[in-house]
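To start, the structure under review is shown below, and the notes come after it.
Nothing in this text is a laboratory measurement; each read-out follows from the coordinates by a stated rule. For clarity, every value in this text was computed on a predicted model and none was experimentally measured. Cβ sites come from the backbone with ideal geometry, for glycine too, and all protein chains shown count toward neighbours.
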Amino acid sequence: MNITWTKYQAIVMGASAGGLKAIRQLVYALPASFPLPVIIVQHIATDSSLRWITSINNQAIIHVKEANIGEKAQGGIVYFAPPGYHLLVETNCTFTLTLDERVNYARPSIDVLFETATDAWKHKLIGIVLTGSNQDGAYGLSLIKEAGGLAIVQKPEEAESPEMPQAAIRRANPHWILSIQEITDLLITNLVSSPTVN
């Protein structure tokens, strides 16, 4: 597969049941110098505190935070949708949060993030669907692929809940179906610049 990795400007990721474990493994491996913003929807109870985001940030090398309204996505930062809000990306790559109706029984919805991110970054977007127990993200990942972006899905046999990866594979026919470790290696190998030797 001939891929021009330098064209990509953002990564969007979605997970549901079992997702925090998978996300932690991936995020903890990212260096502070990771060049792209990583924007994540994790299905979680609406009344959950944000301590889990703080916990991930405290253990990660890369900066991890909640996405805020009007904030522009920047490289070297992992953004999480806050519980109970849809996270949207505007065409100028800033964030919007809404209390619109649930999509795929979820708010935040992975499809909402993926669809709006595709409008913003078009073919310069990487989409990743991880473990989960519904079909959220399958439609959004298909939009990313149709726009010329890169579609990646966690191996269902590795996922704690295989339904969401299976749905994404059926709907989007992704470029890669990989383990979390393989996804991590793929991103770091191809997106992180080698240090300059003086």
Quiz item: For the chain, which semi-axes, largest first and in whole Å, follow from the square roots of 5 times the eigenvalues of its Cα gyration tensor?
Solution: 22, 19, 17
Exercise. Would you kindly derive the ³J(HN,Hα) couplings of region 14-26 from the backbone phi angles with the Karplus curve 6.51 cos²θ - 1.76 cosθ + 1.60 (θ = phi - 60°), listing them in order in whole Hz, with x for Gly and Pro?
Key: x, 8, 10, 4, x, x, 4, 5, 5, 5, 4, 4, 6
Practice problem: Restricting things to alpha carbons, find the Rg to Rh ratio for region 20-101 using the Kirkwood radius for Rh. | Solution: 0.95
Quiz item: Which value in nm describes the separation of the simple spin-label points at Lys122 and Ser33, placed 7 Å from the Cα toward the beta carbon?
Solution: 3.1
Quiz item: Roughly what would the spin-label model give for Glu146 and Asp185, points 7 Å off Cα along C-beta, in nm?
Solution: 3.4
Exercise. Excluding Gln9 itself, calculate the net charge of residues whose Cβ lies under 15 Å from the Cβ of Gln9, where each Lys or Arg counts +1 and each Asp or Glu counts -1.
Key: +2
Quiz item: In whole percent, what relative contact order does the chain give with Cα contacts below 8 Å and a gap of six or more residues?
Solution: 21
Practice problem: Mind giving me the FRET efficiency for Asn58 and Cys93? R0 is 41 Å, r the Cβ-Cβ distance, nearest 0.05 is fine. | Solution: 0.95
Quiz item: Which FRET efficiency value, to the nearest 0.05, do you get for Ile69 and Thr4 by plugging their Cβ-Cβ distance into 1/(1 + (r/R0)^6) with R0 = 41 Å?
Solution: 0.80
Exercise. Quickly rank 50-62, 150-162, 102-114, 72-84 as a protection proxy: mean count of other C-beta atoms within 10 Å, highest first.
Key: 102-114, 150-162, 72-84, 50-62
Quiz item: From the phi of every residue in region 82-94, what ³J(HN,Hα) in whole Hz does the Karplus formula 6.51 cos²θ - 1.76 cosθ + 1.60 yield, where θ is phi - 60° and glycine or proline is x?
Solution: x, x, x, 10, 6, 9, 10, 10, 6, 5, 8, 6, 9
